[in-house]
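The values are calculated or read from the model by the stated rules, or taken from the named source; none is laboratory data. Worth saying up front: this structure is predicted, and the values here are computed from it rather than measured. Neighbour counts run over all protein chains shown; Cβ positions are idealised from the backbone, glycine included. Surface areas here come from the heavy atoms of the whole protein model, side chains and all, with no ligands, DNA or RNA. Shrake-Rupley method; radii C 1.70, N 1.55, O 1.52, S 1.80 Å.
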Amino acid sequence: MTQSTGETPDPEPGGPAAAPVARYPRPTVTLDEAEWVWRELSVEAMRPGGKPEVVRLAVIAGLTRATGARYGDLLRVRAEDLDLGPDPDAAARRGRVGGTRDAGEGRVLLRHGKHRTLREHRLPPEVVLLLRHWMVVREELAAELEGSVPRALLLTVHHTHDHGTTVASGLPITRQGLVLSWRRFVHRTNARYGAVRAPLPTRFEQVRRAWVDAGVPDLGRELAPLADEAEASSGK
């Protein structure tokens with residue numbers, strides 16, 4: 001079982017994410033603001049004793065900034081879709097992405113949109129570093145589960161409750177889980193910096209679009225479906 005899904009409620013009138021005229025699309029933050037979010041999360045995630053939820057959020061921000069991926073795209077990423085480079089400590093975690101890269105770079109396979117278009121994206125060294133850290137954290141999160149660690153890259157970091165039953169951490173997270181995680185970060189950050197900076201929006205999409213509009217993400221290259229996915233789609 002995982003966290004429940006559902007529509008996110010509208011922001012409070014006059015709140016930081018309220019649109020002055022139309023409900024959608026909501027205004028995009030500036031590129032400087034999006035870069036501030038990335039720096040804040042990436043630094044906090046690498047601090048000794050950093051919370052798993054912050055590490056996961058930093059990974060989400062890093063992958064989004066590097067690839068332009070939406071929540072749905074990120075939820076489809078599996079551990080074997082990553083190639084974190086030649087570092088010996090990461091050798092056991094290398095996936096099915098081949099080829100050459102610059103020093104410190106990695107690669108990721110993403111299935112974009114409703115058609116699951118497969119694209120290979122480069123990952124900058126700072127995102128690779130975060131991912132290596134997250135791969136260790138996610139194994140610890142799934143330690144209480146029976147069997148192997150789930151294939152999904154993004155896992156839950158808290159024990160949750162589903163219809164009165166306690167569900168262990170380390171399971172694949174849902175879209176609603178990502179929504180709630182970002183909101184918790186926003187509320188904490190707005191409370192911390194409320195007197196010195198503008199509040200962050202309650203929807204991560206407003207940050208993602210800032211990177212996309214500025215042309216920051218690597219567009220990647222389209223690939224043919226992997227063999228196992230091609231067989232699954234054909235019903236074999």
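A few notes on this one:
- Residues that are buried (at least 19 other Cβ atoms within 10 Å of the Cβ) and either more than 29 Å from V43 (Cβ to Cβ) or of a type in the set (F, W, Y) (or both), drawn from the stretch 120-151: W134
- Residue within the stretch 184-196 that is modelled with pLDDT of 90 or more, among the aliphatic types (A, V, I, L, M), within 26 Å of P48 (Cβ to Cβ) and in a helix (DSSP H, G or I) present: yes
- Filtered by the rule that a residue be open to solvent by less than 10 Å² (accessible area, probe 1.4 Å) and outside any loop (DSSP other than H, G, I, E, B), the stretch 167-181 gives G177, L178, S181.
- Scanning the stretch 89-110 turns up one or more residues that are at pLDDT 95 or above and either assigned to a helix (DSSP H, G or I) or among the charged types (D, E, K, R) (or both).
- Residue pairs whose Cβ atoms lie under 8 Å apart, separated by 6 or more positions or on different chains, with the first residue in the stretch 126-137 and at positive phi and the second modelled with pLDDT of 95 or more and open to solvent by less than 10 Å² (accessible area, probe 1.4 Å), do not occur.
- Cβ pairs under 6 Å, 6+ apart, first in the stretch 140-156 and farther than 15 Å from K51 by Cβ, second open to solvent by 70 Å² or more (accessible area, probe 1.4 Å): V149/E139
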